[in-house]
Structure formats: C-alpha cells, structure tokens
Amino acid sequence: MPKTNIMKMRLEKRCVICEKRAQEGIMIASSLICSPCEKAIVQTEETDELYNRYVEKMKSLSSQYI
Ligand SMILES: [Zn+2]
C-alpha cells in the first residue's frame, strides 16, 4: 500500500476512545487511538474509568476479528 493512502486513511480516522478526528495516533486492529488518548491510557490506573472504557472498546473491536 502506498504511503499516501495510509496517511489519507489515518487522517479520516476517528479515535475509538474520544471519537474525535485524529491526525496522529496508534492503530490497533485498524482502529485509531489518538495520541492524547494513548498517553492517557498509558498513565491510567487499572481502576480508572477511561481504562475500563478502553478495555470495553478493545473487546468490541477484537470481537469483529474473531
Ligand atoms: Zn482520542
């Protein structure tokens, strides 16, 4: 896949956590997590609401690929 297509795809992606359009982030199972959310998740304790939300999102995302 050409690099330009990857960039275009990433620019059109919405973050799966905050559901905002993100220009930067990490891709997990073709879903984007924007940089601010990624940092928040890394810094988040296991009991935090955001972490639980992230886990739920990941479960629903991964279930699409099983
Ligand atoms: Zn986000």
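The values are calculated or read from the model by the stated rules, or taken from the named source; none is laboratory data. All figures in this text were calculated on a predicted structure; none of them were measured in a lab. Virtual Cβ from ideal backbone geometry, glycine too; neighbours counted across all protein chains shown.
Observations
- Qualifying residue in the stretch 39-52 (condition: among the aliphatic types (A, V, I, L, M), at negative phi and at pLDDT 80 or above): yes
- Yes/no for SER30 being within 19 Å of LYS13 (Cα to Cα) and more than 12 Å from the chain's Cα centre (by Cα): no
- Test: residue in the stretch 34-47 that is part of a loop (DSSP other than H, G, I, E, B) and within 10 Å of the chain's Cα centre (by Cα): no
Here is a yes/no grid of residues against (1) modelled with pLDDT of 65 or more; (2) surrounded by 13 or more Cβ atoms within 10 Å (Cβ to Cβ); (3) more than 8 Å from the ligand (Cβ to nearest atom):
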{"residue": "ILE6", "(1), (2), (3)": "no, no, yes"}
{"residue": "ARG10", "(1), (2), (3)": "no, yes, yes"}
{"residue": "CYS15", "(1), (2), (3)": "yes, yes, no"}
{"residue": "CYS18", "(1), (2), (3)": "yes, yes, no"}
{"residue": "ALA29", "(1), (2), (3)": "yes, no, yes"}
